[in-house]
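The values are calculated or read from the model by the stated rules, or taken from the named source; none is laboratory data. Keep in mind that what you see is a predicted model, and the values were worked out from it rather than measured. Cβ placement follows ideal geometry from the backbone for every residue including glycine, while neighbour counts extend to all protein chains displayed. Just the protein is used for accessible areas: all its heavy atoms, side chains included, with ligands, DNA and RNA removed. Shrake-Rupley method; radii C 1.70, N 1.55, O 1.52, S 1.80 Å.
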Amino acid sequence: MNKEKFLCPHCNTSAIIDENNKETGCFRLNLPNGGFYKKICYTHVVCSNPDCNESTLCISIEDAHNYLKLKHLFSKRILPPFASKPVPYCIPKQIAQDYQEACEICELSPKAAATLIRRCLQGMIRDFWNVNKKNLKDAIDAIQDKIDSETWEAIESIRKIGNIGAHMEKDINLILDVEPQETQLLIELVESLFDEWYVSREKRRERNRQIIEIAQRKEELRHQKISDAPVIAGQGKALPSS
């Protein structure tokens, strides 16, 4: 039984799949004269995570005019049409919407997706770091001393790449393209900032809240034990009972 790892685009869970939850197949597009020119292949996977159990379907098309030498023409995942990680509850709604929309159009329009990621980043800096600069470059400069240099350079790069879609060049005939894989890297950086900034802050707040509650309960218990302790005659001092 062949088993392989699979990262589900629905739940972002790494799972092990085999022939029980994966199927592949191909068929040819035949012409009336008996020849064929196109070969369509599909891969269908059902996530083995019981909390997900969703289908992922990918197709590819090959030029099969010369069946001894197939030529790849096209490949695409059609279910789900796009993949975005579940957005943590602590992410502001507008930022979450920009992120999800960027994921949705990443392959269709990488340049527009990069612009959305740029907007998402600007919202995060404004919300998380409370930096209200009108210019994104000034906002990024304002947090340079608050984050590590590698992250800062990556954030600055998001601004530059996003500018390709947000601003037209002075020479309108100069066209700069953004590739889907390039935009995907920007999306992954924003996902890591979700974790490093927002999720880490929430975890820290929750940990501190629990520590404070534990200390309060211990203090209340201490006072309770002192008040319940017997008083030694003549001393007027309560001592804990043995």
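Looking at segment 64-145, the trypsin sites (Lys or Arg not before Pro) that sit in a DSSP loop and have at most 16 other Cβ atoms within 10 Å of their own Cβ are 69, 133, 134. The accessible surface of segment 175-219, taken with every protein chain in place and a 1.4 Å probe, is 52 percent carbon and sulfur.
Positive end of the dipole of segment 38-158, charges at C-beta (+1 Lys, Arg; -1 Asp, Glu), about the Cα centre: which of 79, 152, 123 has its Cα farthest in that direction? Final value for the positive-end residue is 79.
Taking label positions 7 Å along the Cα-Cβ direction at both residue 89 and residue 216, the computed distance is 1.9 nm, reported to one decimal.
Take the Cβ-Cβ distance between residue 21 and residue 196 as r, set R0 to 45 Å, and report the resulting FRET efficiency rounded to the nearest 0.05. Calculated value: 0.85. Scaled against 2.2 N^0.38 Å for its residue count N, the alpha carbon radius of gyration of segment 1-149 is 1.48.
Listed peptides 210-216, 186-192, 57-63 appear in the order 186-192, 57-63, 210-216 once ranked by packing, highest mean of other Cβ atoms within 10 Å at the front.
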